[in-house]
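Scroll down for the structure; my scribbles are underneath it.
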Amino acid sequence: MTLPVTATASAETRTRVGWPLLVVLATLAAVAPVATDLYLPGFPQMGDELGASASGVQLTLTTFLVGLAVGQLVMGPLSDRYGRRPPLVVSTAVCVVAGAVCALAPNVAVLANATDPFTKSFLEQIRLGGQTLRLDIATMMITGPGELDAAFATIKKDATDAVIVQPSLPRMRVADLALKHRVPAIAPTGAFAAVGGLAGYSASQSEMARRTAAIIDKILKGTNRPTCRSSSRPNSSWRSISRPPMRSASTYRPHC
């Protein structure tokens, strides 16, 4: 009379242990298709923010599928040698760590003036700098001062680490919003720090004026000497809200 009871208990135990494992395996099997479905709708936005072509963005999906196919050839022999569980645990851990790194990667936004004819070159230089530093840079085009409040609300919502401001935007308004939302803001002009921005970096205006004056003087005098050349690049200066301007110790000496 006890044998059927024992068999029933064993079957119930196997069923109770098997369901959690089945759920885990089903979830792991669904990762790849779910990731693909979540990835595809973001193609247009990825192209805009990364400055990539449509074909370049689509190539990332091709790379993903190739990696998935090659992974079968690699993980199969490993599973036969070490068992199913160790490769599964290691792969899942790597996936989790990679996702955390992506989520915690520095995120920088750029506020660009949509009506400024120099915006294209400005964004190109920002993009090149972002590629060098491996930063995720999101571009936000501003067509008027009324869009700045919504832009900073989005920046705050996305937990952006810092924002780069194009100088042609209203500097005082941008600085006030940056302070209000507690977002570090920097602009390639020293005047931005003077109105409350975190920092500004630009070429020294006095050195640029001195160079211009030297060239104009030679033109007006009608000298036949070669065009003036400087012994060094024009000095650049940092300005911040907490420190006075700093200049290089070198001075400009025209050689003509």
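In table form, for the structure just shown:
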quantity	calculated
Some residue of segment 118-125 being of a type in the set (Phe, Trp, Tyr), closer than 27 Å to ALA52 by Cβ and touching a His at 6+ places or on another chain (Cβ under 9 Å)	no
Unmet requirement for ILE155, which otherwise passes all of (1) modelled with pLDDT of 80 or more; (2) touching a Leu at 6+ places or on another chain (Cβ under 7 Å)	(2)
Pair list, Cβ < 7 Å and 6+ apart or interchain, from segment 60-87 residues that are more than 26 Å from LEU40 (Cβ to Cβ) to residues that are of a type in the set (S, T, N, Q) and assigned to a helix (DSSP H, G or I)	PRO87/SER79
Elements of type helices (runs of 4 or more DSSP H) in segment 108-212, at least 1 residues being touching a Gly at 6+ places or on another chain (Cβ under 8 Å)	119-133, 171-181, 190-194
Answer from THR8, THR36 - the residue that is modelled with pLDDT under 75, at negative phi, surrounded by 10 or more Cβ atoms within 10 Å (Cβ to Cβ) and not small (Gly, Ala, Ser)	THR8
Check on LYS180, more than 24 Å from THR115 (Cα to Cα), more than 21 Å from the chain's Cα centre (by Cα) and not small (Gly, Ala, Ser)	yes
Qualifying residue in segment 116-128 (condition: β-branched (Val, Ile, Thr) and at pLDDT below 85)	no
Any hit, segment 139-150, residues being charged (D, E, K, R), over 30 Å from VAL24 (Cα atoms), surrounded by fewer than 18 Cβ atoms within 10 Å (Cβ to Cβ) and touching a strand residue (DSSP E or B) at 6+ places or on another chain (Cβ under 7 Å)	no
Subset of segment 104-136 [within 16 Å of ASP161 (Cα to Cα), in contact (Cβ under 8 Å) with a residue 24 or more places away in the chain, among the small types (Gly, Ala, Ser) and surrounded by 15 or more Cβ atoms within 10 Å (Cβ to Cβ)]	ALA109
Matching entry among ASP80, ASP116 (being acidic (Asp, Glu) and within 26 Å of the chain's Cα centre (by Cα))	ASP116
ALA52, sole failed condition from (1) assigned to a loop (DSSP other than H, G, I, E, B); (2) in the same structural domain as PRO167 (by TED's automatic domain parsing)	(2)
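Residue-by-condition table, conditions (1) of a type in the set (D, E, K, R); (2) surrounded by 12 or more Cβ atoms within 10 Å (Cβ to Cβ):
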position: MET46; (1), (2): no, yes
position: GLY56; (1), (2): no, yes
position: LEU59; (1), (2): no, yes
position: ALA69; (1), (2): no, no
position: GLY76; (1), (2): no, no
position: ARG85; (1), (2): yes, no
position: VAL90; (1), (2): no, yes
position: CYS95; (1), (2): no, yes
position: CYS102; (1), (2): no, no
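The values are calculated or read from the model by the stated rules, or taken from the named source; none is laboratory data. Keep in mind the model is a prediction, meaning the values are calculated, not measured. As a convention, Cβ positions derive from the backbone with ideal geometry for all residues, glycine included, and neighbour counts pool all protein chains shown.
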